[in-house]
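The values are calculated or read from the model by the stated rules, or taken from the named source; none is laboratory data. Everything numeric here is computed off the predicted structure, so don't read it as measured data. In this analysis, Cβ positions are derived from the backbone assuming ideal geometry, glycine residues included, and neighbour counts consider all displayed protein chains.
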Amino acid sequence: MNILLDAMGGDNAPDANIKGALKAVKEVKAIITLIGKEDIIRSKIKEFTGKEPEEISNRLKIKNATEIIEMEDGPTDAIKHKKDSSMVVGFRMLKENEGDVFISAGNSGALLAGATLIVGRIKGIDRPALAGILPAYKSQLLLIDSGSNTNCKPINLLQFAQMSTIYLKNTFGIEKPAIGLLNIGTEETKGNDLVKESYKLLKEKSEELGINFVGNVEGRDAFSGKIDAIVTDGFTGNVFLKTTEGIGKFVKRTLTESLTQNILAKICTIPCLPAIKRFKKTMDYKSYGGALFLGVKKPVVKAHGSSDEELFEFTIRQAEKFVENKAVDKMIEHFEQNKILNS
């Protein structure tokens, strides 16, 4: 297995990307190929370890790419014109079976454009979507779309629900995952036109498509542990995702300050430290890695734009599991054998 990593994408590139790969190569069985400006990657590895890549591991490779897609670049133009960028080179390698999964923390729009234009959509899927994992009460929550499609049609949300069902069933072993539609109320009449029309379509077609649709879900109920996946458009989903991450940081910071504000608080905290550490880990979005692009022919993972070395390490380990579980292969197989609605 060859895990392709965009070494030049993200807010903390290339340092965090490379450090994460250096840690991950000790943990995974796969080859890790760093894609980007080779001279920079080599010098950084030498700076961080005092060694050449070949001296560290025969599973640590470098693929040279002379260009970088910046966050402010137009997605489609960047993919079409920056053909030697780390992102485009990674997509080409993935398409040509020179790699098994591609990870990038770079421009989300360009990642979606590249995944669609170069790797290609699964037949029958109108729009691929980012599926991110979030913590929930004694479980986890799949959020789709978490940021790739800001303007959606009801058919897109129906397909997101179907992809979520297949993904959760085959990858996490959830036989009948509960799929909810994110809304401002649980009533069928609530929401804007997109949500109301999507509700009608989901209610009408769920049984036919094998979707366990449980209706509208308000944001405050999303983490109850009773919902396995939340379906929404990419604009709303990304706001929901970033707000959730922000609340997690706020709670962790406030809890830490409260428990260390004076000597008495510190002493009283000691017996509770194991429980506090478990709570902090649960609230840490870094523990949940990147988001898989569902709907494309090969595994593409969007890492957080602000990923540090720890998150890159985790995302690389997560990507190896994606490939081992054959999440994308099972989805393609399902759509070849079963019915899917399209526009």
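Among the conditions (1) touching a residue at least 40 places away in the same chain (Cβ under 8 Å); (2) assigned to a helix (DSSP H, G or I); (3) β-branched (Val, Ile, Thr), the only one that Ile40 does not satisfy is (1). In segment 39-78, of all residues being surrounded by 14 or more Cβ atoms within 10 Å (Cβ to Cβ) and among the acidic types (Asp, Glu), the one that is nearest to Met1 (Cα to Cα) corresponds to Glu67. Quick one: would you say Leu157 is touching a residue at least 24 places away in the same chain (Cβ under 8 Å), assigned by TED's automatic domain parsing to the domain that holds Ser224 and either closer than 30 Å to Val89 by Cα or surrounded by 24 or more Cβ atoms within 10 Å (Cβ to Cβ) (or both)? When the stated conditions are applied, Leu157 passes them. Taking each residue of segment 317-333 that is farther than 17 Å from Gly173 by Cβ and looking for partners that are modelled with pLDDT under 85 and in a helix (DSSP H, G or I) with beta-carbon atoms closer than 6 Å, six or more apart or interchain, yields nothing.
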